[in-house]
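This report refers to the structure that appears directly beneath it.
The values are calculated or read from the model by the stated rules, or taken from the named source; none is laboratory data. All values reported here derive from a predicted model rather than from experimental measurement. Glycine gets a Cβ as well: all are built from the backbone with ideal geometry, and neighbour counts include every protein chain shown.
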Amino acid sequence: MLLRFLGSGDAFGSDGRFQTCLHLAGPEGSLLVDCGASSLIAIKREGLDPSEIGWVLLTHLHGDHFGGVPFLILDGHFGGRTVPLLLAGPPGVRERVEAALEVLFPGSSAIRWRFPVTYVELAEGPAHAVGPVRVTAFPVEHPSGAPAYALRVEYAGRVLAYSGDTAWTERLVEVARGADLFVCEAYT
């Protein structure tokens with residue numbers, strides 16, 4: 001598994017950094033963990049092909065963590081993408097993405113995408129199979145209009161533990177335990 005930090009900035013682009021977006025590549029394809037509003041630019045700047053990203057895992061539904069998803073979908077539609085895209089996130093992920101699409105590209109709710117877009121709602125508890133990865137969601141402390149999660153991502157024999165925005169919680173210890181790498185954002 002190869003991890004690239006495409007964005008690690010805050011919601012306001014402090015110091016010119018792109019918003020949160022981690023790219024994981026492995027033998028069965030690539031995925032994103034979070035996809036902030038500036039992520040499509042970061043993906044292309046890194047020389048990656050957005051149409052090869054098969055899965056997006058979202059920790060919570062604030063724009064600096066999911067706001068790039070509408071642009072990823074639109075880029076795929078107008079760029080001729082045929083590879084399916086699966087979006088996994090907190091309950092309400094489909095409704096929030098579709099609402100954002102409609103705001104950013106009015107009329108998009110009537111478009112039939114040129115590639116399949118599917119949604120998986122993550123819930124606390126046992127691991128979820130999302131494409132080639134297993135994802136376990138751990139609730140954390142960050143009000144975002146839907147549950148906010150730290151994610152434990154198992155891919156290609158490795159474990160990435162990642163928490164988007166959160167205040168301190170003992171669940172961070174749980175998600176990090178035994179992981180190959182723990183990446184933790186902070187929010188107070």
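Just a few scattered comments:
- Sole residue being under 15 Å from the mean Cα position of the chain (by Cα), closer than 27 Å to E28 by Cβ, in a helix (DSSP H, G or I) and not basic (K, R), chosen from V97, V153: V97
- Selection status of F71, aromatic (F, W, Y), farther than 30 Å from E170 by Cβ, within 15 Å of the chain's Cα centre (by Cα) and in a helix (DSSP H, G or I): yes
- Hey, P126 in contact (Cβ under 8 Å) with a residue 24 or more places away in the chain, more than 24 Å from F18 (Cβ to Cβ) and assigned to a loop (DSSP other than H, G, I, E, B) or not: no
- Listed by first and then second residue, the pairs with beta-carbon distance under 9 Å, at least 6 apart or on different chains, first residue in the stretch 1-26 and closer than 17 Å to L48 by Cα and in contact (Cβ under 8 Å) with a residue 60 or more places away in the chain, second hydroxyl-bearing (S, T, Y) and part of a strand (DSSP E or B), are M1/Y155; L22/Y162; L24/S30; L24/Y155; G26/Y155.
- Unmet requirement for V140, which otherwise passes all of (1) β-branched (V, I, T); (2) within 15 Å of the chain's Cα centre (by Cα); (3) buried (at least 21 other Cβ atoms within 10 Å of the Cβ): (2)
- Selected residue (only one of P132, P126 is over 18 Å from W55 (Cβ atoms) and either over 14 Å from the mean Cα position of the chain (by Cα) or surrounded by 14 or more Cβ atoms within 10 Å (Cβ to Cβ) (or both)): P126
- Residues that are closer than 16 Å to C35 by Cβ and in contact with a strand residue (DSSP E or B) (Cβ under 9 Å, 6 or more places away or on another chain) within the stretch 99-120 comprise V117, T118, Y119, V120, listed in sequence order.
- The residues of the stretch 86-98 that are in contact with a strand residue (DSSP E or B) (Cβ under 7 Å, 6 or more places away or on another chain) and among the basic types (K, R) amount to a single one, R94.
- Pick from the stretch 164-176, criterion of a type outside the set (D, E, K, R) and outside any loop (DSSP other than H, G, I, E, B), ranking: nearest to G36 (Cα to Cα): A167
- The listed residues are A179, A161, A186, A146, and the only one of them that is at pLDDT 95 or above and part of a loop (DSSP other than H, G, I, E, B) turns out to be A179.
- For the stretch 110-152, filtering for residues that are more than 18 Å from H60 (Cα to Cα), in contact with a helix residue (DSSP H, G or I) (Cβ under 6 Å, 6 or more places away or on another chain) and of a type outside the set (A, V, I, L, M, F, W, C) leaves 1.
- Criterion (at pLDDT below 95 and surrounded by 15 or more Cβ atoms within 10 Å (Cβ to Cβ)) met by exactly one of R81, R17: R17
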